[in-house]
Amino acid sequence: MEKNKALKTRLLNNIVWILLVLTIIIIGMMDSRFFSPVILGNIVTQATVLGILSFAQAFAIMLGAIDLSLLGVMSFSATSGLILVRNGCPVPIAIPVIFFVGMAIGLLNGVLIAKLKAVPLIETLAVKLTLLGAFLAITSGRAITNLPPSYKWFGQGNIGRIPVLPLILALVFVIVYIIWNWTPFGRSLYAVGGNPEAARVSGIKVDRITIMAFGFSGLLAGIAGFLLSAYTGAVTSTFGTSYDMNNIAAAVIGGVACSGGQGTVQGVLGGVLLLTVIQVGLQILGVSSYYVQMINGLIIFVAVLLDAIRLKAQQS
């Protein structure tokens, strides 16, 4: 009995990797072009921005919250840096400004949620709408283009034959893994997400952990905004909209429990790769764009369903 329960738990915790392998096999059988080095490289490259955004979202979900402000944070922070670049600011200075703006907004979210007890879903939605409005007001709805080559290199360049973007994703993965698994903050993050009151009684400063978690979320959103603008070579009125809900789906499919306190960084990465493989696979198979949104909705539904199944299995 215990063996069966342990096996079931292990399968549920690694379901994302099972689904990823099955998806790759199915799409590859339907179209062998999927296994070409160009397509596989394209998958890893496209997964970078979604991956970093999903890590950002995972910090909030680990607390049992949802950060809806990420799209606004990445758009506003990238625009802030690019305006500096267009006004003659050196790229090495503008890039840290993008990161700082993202982190500052994340810390503001954390303070409002931790100290003023604002409801995370509503507070981050309000911040998102405010930032997107400010982004459109600043740019007047016009695209920011003609970025310097030194800026675009981070999104379009290579180190040897390896694109820069996947290398950055790997670096961020390692850093988040270390934070979650090898630091006092990471252990506290799990504790606060699992049971805030028990964490407070045990001496953990819950408010501080909450503020730090949202600060990391904002910082990673700023990094994602920088990389997306470098990859596309522009910031437009639809900047990053395709990542808006998928970052939540990737984190939840990857095993980060919506109730908080559970999840792994490698699981989030698996969720990111699964969503990216599906999207690229649909393009290769020539699926009409009319169906893509419906499929994205179904993926989010599956994410919520898997989370409910995992929770029920643990309670039983």
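Readers should treat all values here as calculations from the given coordinates under stated rules, not as data from a laboratory. Source: prediction; values computed, not measured. Don't worry about glycine lacking a Cβ; one is built from the backbone with ideal geometry, like all the others, and counts go over all protein chains shown.
Close Lys pairs in the chain, defined as Cα atoms under 20 Å apart and 8 or more places apart or on different chains, number 7.
Label sites at Thr145 and Asn181, each approximated as a point 7 angstrom past Cα along Cα to Cβ, lie 4.5 nm apart. What is the calculated FRET efficiency for Ser289 to Ser259, with r their C-beta to C-beta distance and R₀ = 45 Å, to the nearest 0.05? Once rounded, the FRET efficiency stands at 0.85.
Its Cα centre serving as origin, segment 2-315 has a Cβ charge dipole (Lys and Arg +1, Asp and Glu -1) of approximately 360 debye. Neighbour counting of Cβ atoms within 10 Å sorts the residues Tyr151, Tyr243, fewest neighbours leading, into Tyr151, Tyr243.
Rank by packing, highest mean first: peptides 177-187, 268-278, with packing defined as the count of other Cβ atoms within 10 Å averaged across residues. Show your work: numbers first, answer last.
Values: 177-187: 13.9, 268-278: 25.0.
Going from most to least packed, we get 268-278, 177-187.
Taking max minus min of the alpha-carbon positions on each principal axis, segment 2-315 gives extents of 63, 53, 37 Å, largest first.
By the combined test of axial Cα extent (at least 27 Å) and Kyte-Doolittle hydropathy (mean at least -0.5), the qualifying DSSP H helices of the chain come to 37-61, 91-114, 120-139, 206-232, 265-284, 289-315. Counting beta carbons within 10 Å around each of Ile18, Ile27, Ile66 and listing the fewest first gives the order Ile18, Ile66, Ile27.
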